[in-house]
Amino acid sequence: MTGKKLTIGIDVKGKNFNHKAKHGMTAFKVELKKHFRNKDCVVSTAINELIWGKGRVNCPSKVSFVSIEKNNKVYLFLETKEDQKRMEELISGKKEVKAEESKKETAAKPEVKKEVKPKAEKKEAKEKVEKKETKTAKK
């Protein structure tokens, strides 16, 4: 299953010169809300890195990506190899299974509590250690 390939323009003309990437990200999200009609949009880190990649001043004017709708959410990915792998994991559901298994493993481990020794026993243990050290130092 492949998603829709889309290109969205990012308009940052007339915005503060030093904050164009920040305004570009907000403009991108606004365009996504218009296009997908207020569905929850999950943007991959690769798209975020693409927008911020040239620094905060030089933001790209267009972004091409692939969108997949699943569970009333829209997931956005670039067409890179890494994002293609993430997209396949999302479609097949492998990542969700791994998360459930890790939850089961953490729940199965019993908590180990440390025994608290009274102060008198701690002092005796320290004295024994000090005696051993003095004996070895005298030799």
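Taken together, the values in this text are just the output of simple stated rules run on the coordinates, not laboratory data. Just so we're clear, the structure is a prediction, and the values are computed from it rather than from any experiment. Don't worry about glycine lacking a Cβ; one is built from the backbone with ideal geometry, like all the others, and counts go over all protein chains shown.
Calculate the translational D of the stretch 4-95 in whole µm² s⁻¹ from Stokes-Einstein, where the hydrodynamic radius comes from the Kirkwood formula applied to all Cα pairs, the temperature is 10 °C and the viscosity 1.306 mPa s. Don't skip to the end; give the middle numbers.
Numbers: Rh = 13.8 Å.
In µm²/s, the coefficient is 115.
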key: Residue-span extension gain [Ala120 to Thr7] - 0.36 nm each, minus C-alpha spacing   = 33.4 nm
message = What is the sum of charges, Lys and Arg at +1 and Asp and Glu at -1, for the other residues whose Cβ falls under 10 Å from the Cβ of Ala46?
response = -3
inquiry  = Can you give me the long-range amide H partners of Ile10? Hydrogens built in the peptide plane at 1.01 Å from N, cutoff under 5 Å, separation of 5 or more residues or another chain.
reply    = Lys62, Val63
task = Work from the charge dipole of the stretch 4-95 (Cβ charges, +1 for Lys and Arg, -1 for Asp and Glu, about the Cα centre) and give the residue of Phe36, Leu76, Val63 farthest towards its positive end.
result = Phe36
Whole-Hz ³J(HN,Hα) from phi, Karplus 6.51 cos²θ - 1.76 cosθ + 1.60, for the stretch 125-130, glycine and proline x = 5, 5, 5, 4, 5, 5
